[in-house]
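Below is one structure, written out as structure tokens; comments come after it.
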Amino acid sequence: MPKTIELRILRQDGEDSAPYWDEFSIPWSENMNVIGCLMEIQLNPVNKAGKKINPVVWESNCLEEVCGACSMVINGKPRQACSSLVDRLAQPIRIQPLGKFRVVRDLVVDRSPMFKALAKVKAWMPIDGTYDMGPGPKISAEDAERMYTFARCMTCGCCMEACPQYNADSEFIGPAPLGQANLFNMHGSGAMSKSERVQTVMGKGGVADCGKSQNCSKACPKEIPLTEAIAELSAETTKQLVKDMLAKGTPRSFGGPA
Amino acid sequence: MSKFIVVGGGLAGLMATIKLAETGHDVLLFSIVPVKRSHSVCAQGGINAAVNIKGEDDSPDIHTFDTIKGGDFLAEQPPVKEMCYAAPGIIYMFDRMGVAFSRTPEGNLDFRRFGGTLHHRTAFAGATTGQQLLYALDEQVRRWEAEGRVKKFEGWEALSVVRDDAGACRGLCAVHLSSLRVQTFPGDAVILASGGPGQIYRQSTHSMVNTGSIISSVFQQGAAYGNPEMIQIHPTAIPGNDKLRLMSESARGEGGRIWAPRRKGDNRPPKEIPEAERWYFLEEKYPRFKNLVPRDVASREIFHAAVDLGMGVGGGMMVYLDVTHIDKATLNRKLGGILEIYEKFTGEDPREVPMKIFPAMHYSMGGLWVDYEAKGDGFLNRQSPRNQATSIPGLYAIGECDYQYHGANRLGANSLLSCVFSGQLVAPAVASYARNLAAGEAPSAAFEGERKRWEDRLTSIGSMRGKENPYALHRELGLLMVNDVSIVRDNTRLKAALGRIAEFRERWNQVSCVDESHWYNHPKLFINQLYNMLVTAEAITLGALERDESRGAHYKPAFPNRDDSKYMKTTLAHWDGGRVKLSFKDIDTSLFKPVARKYD
């Protein structure tokens, strides 16, 4: 008998439909990943009971674990479907959409809150313009490597899924955007607007809402030390708080705000 | 100020968007995926610029020549020159944006070697340079979005352009992926930055969205296509079931060596094969460039060793790429990311065991034909509305979907450069175009007509209930292209392939829209993409058939030499009465006269 792969997929026909489990048995082949399994369903859209079904829909793009598109919960763990090789997974393989985001259909979820959060924390370099103005500041190899570690964040959402404090209704902004806010504080030019960035993560929903479970760092497919970023950012918010208090108390003649 | 439409949010599209926003224009930015997930993330090795920090007397002129020679004299010379001179400034711009480029001990940008040059000219950020550059632009676009200058339409697929009675492009027609709503959007010009057509080839290194569908669609609306036959096969990809993942040229740039066992059928584990019994065939044949010959040369030599001579690992089209002689700390620092990918997807540690690699379709040098305006000194007039303009007025193309920078073969680390450069160049071009545009809106009938055309087409696709599965038909097309229109080309097989493609177009009428829903229906949109891929495949194959010479990536054993007297020309494809027709156009060789392309 030819080898098969058993799948259980949590499906949902539309945004307001009820979720349901569907089962599939598909032919095995070498080096197969979860995306390859879903492609097999497109080629032969029939479930295990032999019923013709609409093929499962999902999001994916690069299939090399650099774009962040294909995050799913696979055997209970949020991860990239492209790097989930079936030979290393217990069967039946359970595949669910990320649970912390609105489901659009089947395994497709709406992660736009993460991108909006990046705008909220001003995760960008405040450059004067894109015209040729010569090189940026010199940076040590060590500092560049540390920035690179955080700059690999794919906005995939695995850390958000694993975080006990983050959900669709909570105000907490979540680990990924905090990691990015901290990244720009590390750079010489980015640090010039540090106060502005730190202020966006103070107060409710900000860095103080982190419950320190450290799930985010463990869930990250790129092993980004998000908890370190959150700790650094947290220290910055304390400094900022003191600065803001002092600024409020500064008399106008000393250059304080009116 | 004007309003422009950009299709595609990779490096080229985002760069154009930023330049337009920066000069006060409004931009509507369309992308199938959130722009941060665009295919540019897959570029690993780096971006070229002759910054010359290694005391090698490198210069933009040498970069220009290397690029033109690398493309076997088929690239358009003035745009290449302008690009190579702009390259150092582009690196500095990214440096100021905070890209974590790898550094020298003094804290300067570091540069590594890449194929087709003898200079250290490639800046890099770990092993994910494309991702890092894309993120830098993504962040800047988000900044403009927050200021209200840019509006993103993520989760939309472009279907066609809207044209007025005079034939000029006046806007875009697109479909929303989840609601399947078809809508038109007016704009003073449309810039296509939608990437390459890799999905036409089975298991290419391209991303899932790279069907080239919108490019095929505007080709069918009358835009000319340049050099469709020029398809790059990357020599080193990792075996995979769903796709072949790239193993970056940087592995060789950092000292990686390609070899096969000297004895045919030697099936010992690679580490047990002594040095003297390894055949370093690239180093032997190309003592000057060694493992860093251009990609077309390396792919052809691997094919020759593995297929012609039967010397491939395990008898297949596979050879070793070996970095095990390099110390682990260096490997982890300079190549960590790509070695992790290899390990993740194959289960073997490339620091310990030589990697098994084989060639895979990687890049299209060909794309929409675009114009440029040169000055007497060989540089471009940067304000000309002709730069990056397609043959449809008001429609522009940049990035992998244009044809002009790489000729018959692209050098490694030149694609990130051409994407960013063409994105910079197109902004003043469309601004000039818009200034000269006659006042007044395009007739609303043109917009309504285009919207209706697509709504009807998608409705009719949705009701297709034939016996063919569209995904299976796509696989057949992909296999055909890999087998018959790739490294080695033969006219008999190309003719047969054209017949098969015509047959596939017949069978396309018999596909079934295997999803019956009206919400996020992937098959419905994919069936349209498949039709468009069939058209592009015909252009690629016909271009390959008609060019009876060998030049760059285009290799015909029956015509083993470059034939400048006949083919020192751009292949121009046109859509004419439901078929692809070809013509040829002379190339301006005023900067560099063609010379023999040697790397030994």
Quiz prompt | Free-standing Cys, chain A [no other Cys Cβ under 4.7 Å] | solution = A:37, A:70, A:82, A:153, A:156, A:158, A:163, A:210, A:220
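Charges at C-beta only: +1 for Lys and Arg, -1 for Asp and Glu. How large is the resulting dipole of chain A about its Cα centre, in Debye rounded to 20? The partial results should precede the final answer.
Values: 30 positive and 29 negative charges, 107 e Å.
That gives a dipole near 520 debye.
So for each of B:513-520, B:584-591 I average, over its residues, the number of other beta carbons within 10 Å; can you give me the resulting order with the highest mean first?
Packing order, densest peptide first, comes out as B:513-520, B:584-591.
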Exercise. May I ask you to list the residues of the range B:71-103 whose amide nitrogen lies under 19 Å from a point 7 Å from Cα along the Cα→beta-carbon direction of residue B:386?
Key: B:75-83
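If I take R0 = 35 Å and measure r between the Cβ atoms of residue B:166 and residue A:13 in this structure, what FRET efficiency does the formula 1/(1 + (r/R0)^6) give, to the nearest 0.05?
Numbers: r = 45 Å, r/R0 = 1.30.
That gives a FRET efficiency of 0.15.
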Exercise. Please determine, in degrees from 0 to 90 and to the nearest 10, the orientation of helix A:34-43 with respect to the longest principal axis defined by the Cα atoms of chain A, where the helix direction is its Cα long axis.
Key: 50 degrees
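Against the empirical 2.2 N^0.38 Å scaling, what ratio does the C-alpha Rg of the range B:496-587 come to?
1.42
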Exercise. Determine the shielding of peptide B:153-162 by partner chains: average, over its residues, the number of Cβ atoms on other chains within 10 angstrom of each Cβ.
Key: 1
Self-check item: Restricting the range B:330-424 to trypsin sites (Lys or Arg not before Pro) in coil, as DSSP defines it, with at most 13 other Cβ within 10 Å
Solution: B:375
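For the range B:1-82, which trypsin sites (Lys or Arg not before Pro) pass both filters: DSSP loop (anything but H, G, I, E, B) and at most 16 other C-beta atoms within 10 Å?
Listed in order of number, the matching sites are B:54.
Once you have the Cα-Cα distance between residue B:329 and residue B:220, take 0.36 nm times their residue separation minus that, and quote the gain in nm to one decimal. Intermediate results must be reported in sequence, preceding the final value.
Numbers: separation 109, 0.36 × 109 = 39.24 nm, distance 5.23 nm.
Additional length available on full extension: 34.0 nm.
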Exercise. Using only Cα atoms, find the angle between the long axis of helix B:522-546 and the longest principal axis of chain B, and express it within 0 to 90 degrees, rounded to the nearest 10.
Key: 60 degrees
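Contour minus end-to-end for residue A:248 and residue A:195, with contour as 0.36 nm per residue of separation and end-to-end as the Cα-Cα distance? Could you put the intermediate results ahead of the total?
Numbers: separation 53, 0.36 × 53 = 19.08 nm, distance 1.49 nm.
Gain in length upon complete extension: 17.6 nm.
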Self-check item: Sites residue A:77 and residue B:343, calculated FRET efficiency, Cβ-Cβ separation with R0 25 Å, nearest 0.05
Solution: 0.85
Exercise. Tell me the trypsin sites (Lys or Arg not before Pro) within the range A:1-98 that lie in a loop according to DSSP and have at most 14 other beta-carbon atoms within 10 Å.
Key: A:3, A:51
Quiz item: In whole Å, what is the distance between the alpha-carbon centres of the range B:128-193 and the range B:548-600?
Solution: 33 Å
Practice problem: Kindly express, to the nearest 10 degrees and within the range 0 to 90, the angle between helix B:77-96's C-alpha long axis and the longest C-alpha principal axis of chain B. | Solution: 80 degrees
Self-check item: Translational diffusion of the range B:117-203, µm² s⁻¹ [Kirkwood Rh, Cα pairs; Stokes-Einstein; 10 °C; 1.306 mPa s]
Solution: 96 µm²/s
Quiz item: So, in Å, what gap is there between the alpha-carbon centers of the range A:42-98 and the range B:1-80?
Solution: 34 Å
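Rank-order B:112-123, B:387-398, A:190-201 by packing density, defined as the average count of other C-beta atoms within 10 Å over each peptide's residues, highest first. Don't skip to the answer; put the middle values down first.
Numbers: B:112-123: 24.3, B:387-398: 26.5, A:190-201: 18.1.
Ranked by mean Cβ neighbours within 10 Å, highest first: B:387-398, B:112-123, A:190-201.
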Self-check item: Percentage of interatomic Cα-Cα distances in chain B larger than 44 Å
Solution: 14 percent
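Scaled to the compact-protein estimate 2.2 N^0.38 Å, what is the alpha-carbon radius of gyration of the range A:120-221, rounded to two decimal places?
Details: Rg = 15.0 Å, N = 102, 2.2 N^0.38 = 12.8 Å.
Output field value: 1.18.
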Self-check item: Spin-label proximity, residue B:22 to the range A:93-134 - amide N less than 18 Å from point 7 Å beyond Cα toward beta carbon
Solution: A:124-134
Practice problem: Could you order peptides B:221-234, A:139-152 by the average number of other Cβ atoms within 10 Å of their residues, highest first? | Solution: B:221-234, A:139-152
Exercise. Compute the length gained on full extension between residue A:87 and residue A:4: take 0.36 nm times their separation in residues and subtract their Cα-Cα distance, giving the result in nm to one decimal.
Key: 28.8 nm
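Would you mind giving the mean number of other chain beta-carbons within 10 Å of the Cβ of each residue in A:50-62, as a whole number? Before the final figure, lay out the partial values.
Working: counts 0, 0, 2, 3, 8, 7, 2, 9, 1, 6, 6, 13, 17.
That works out to 6 on average.
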Quiz item: With each label point set 7 Å from Cα along the Cα-Cβ vector, what nm distance links residue B:288 and residue B:276?
Solution: 3.2 nm
Exercise. Using only Cα atoms, locate the centre of the range A:121-189 and the centre of the range B:298-343, then give the distance between them in Å, rounded to an integer.
Key: 34 Å
Practice problem: For peptide A:151-164, compute the average count of partner chain beta-carbon atoms within 10 Å of each residue's beta-carbon. | Solution: 2
Quiz prompt | In nm, spacing of pseudo-spin labels at residue B:104 and residue B:490 (7 Å Cα→C-beta vector) | solution = 5.1 nm
Self-check item: Amide N proximity, the range A:46-69 versus residue A:21 label position 7 Å along Cα-to-Cβ, cut-off under 17 Å
Solution: A:47-50
Quiz item: In nm, to one decimal, how far is the residue B:61 label point from the residue B:309 one, both placed 7 Å along Cα→Cβ?
Solution: 3.9 nm
Quiz item: How large is the convex hull of the Cα atoms of the protein assembly as shown per residue, expressed in Å³ as a whole number?
Solution: 175 Å³
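Where a number appears in this text, it was derived from the coordinates with a stated rule and is not lab data. All figures in this text were calculated on a predicted structure; none of them were measured in a lab. In this analysis, Cβ positions are derived from the backbone assuming ideal geometry, glycine residues included, and neighbour counts consider all displayed protein chains.
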